[in-house]
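Heads up, the thing below is written out as structure tokens.
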Amino acid sequence: MLPRVLLINLDRSADRRQASARVLDDLGLHWHRIAGVDGAVLSEAQRRQLNPPCGWHEWFRPLTPGEVGCFLGHMRCWQHVVDQGLPWALVLEDDFAPESGVSPAHLEALAQAPGDWDVIRLSNASAPSAGVPRPQALDLQPGAGRSTNGTAYWVSNAGARKLLHARATLCRPLDFDLRHHWERDLRMAVTAVRLFRQRSHEEVASIIGDRAAYRRAPVVQRWGVYTRKHLYHLMFFAAERLHWGRRRV
């Protein structure tokens, strides 16, 4: 049984919607568009309410408007899964591209995968060197993977509920928040080879915004951010192994 495909797409990104539709139709997948949230049109007060100052161990800088909007778009997908009573769904950002050889059979294989996973990340492994394996040989590895994007992942109904629970504010970008899977007791896996990739900025322009604007800040402010950034990554290195951190269950 194939999952419902949920495509996150901003109203102003008709070109991305058309390109994604061609790919999904060629794969023979039934898909549903989820209107993305344009963080650029949120007021500063709305963004501050959604992304208040967070502890340095949570994240090292305020989120960009694009990051806030991106996260809200994913939350709409999770809510759709819950509201529609879907057993699972494949969530895609509209800058996705399938790896060569990916077919609906690979998604059917995920439905049969043992482990009762909440989330399976499909774009967070290293690129396959010799193509995507046969669906029967599709291997899953526990954990969140090493890459940091939310381009493509499989989410169950139980996983969507866990991801929505106690979500009044946002402290991290979506891709990094998923890596803190233990905070929500998410049973998370990643495909051993990448099934989908995020298209490069040369292929499609980013709508997230400038994540590295802090590099142009005054020296004192810039070094303060760098310090918090390194502390965060040190804490994450330890927390990932010890499953330490603020619990959301």
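The values are calculated or read from the model by the stated rules, or taken from the named source; none is laboratory data. Keep in mind that this is a model prediction, so the values were computed, not measured. Cβ sites come from the backbone with ideal geometry, for glycine too, and all protein chains shown count toward neighbours.
The conditions of being part of a helix (DSSP H, G or I), more than 25 Å from Gln198 (Cα to Cα) and either free of Cβ contacts under 8 Å to residues at least 12 places away in the same chain or charged (D, E, K, R) (or both) are not met by Gln18.
The residues on offer are Arg215, Arg197, and the sole one that is modelled with pLDDT of 80 or more and either surrounded by fewer than 18 Cβ atoms within 10 Å (Cβ to Cβ) or within 29 Å of Leu90 (Cα to Cα) (or both) is Arg197.
Give the range 41-75 a look and list any residue that's surrounded by fewer than 15 Cβ atoms within 10 Å (Cβ to Cβ) and more than 11 Å from Cys171 (Cβ to Cβ), or say none. Selection gives Val41, Ser43, Glu44, Ala45, Gln46, Arg48, Gln49.
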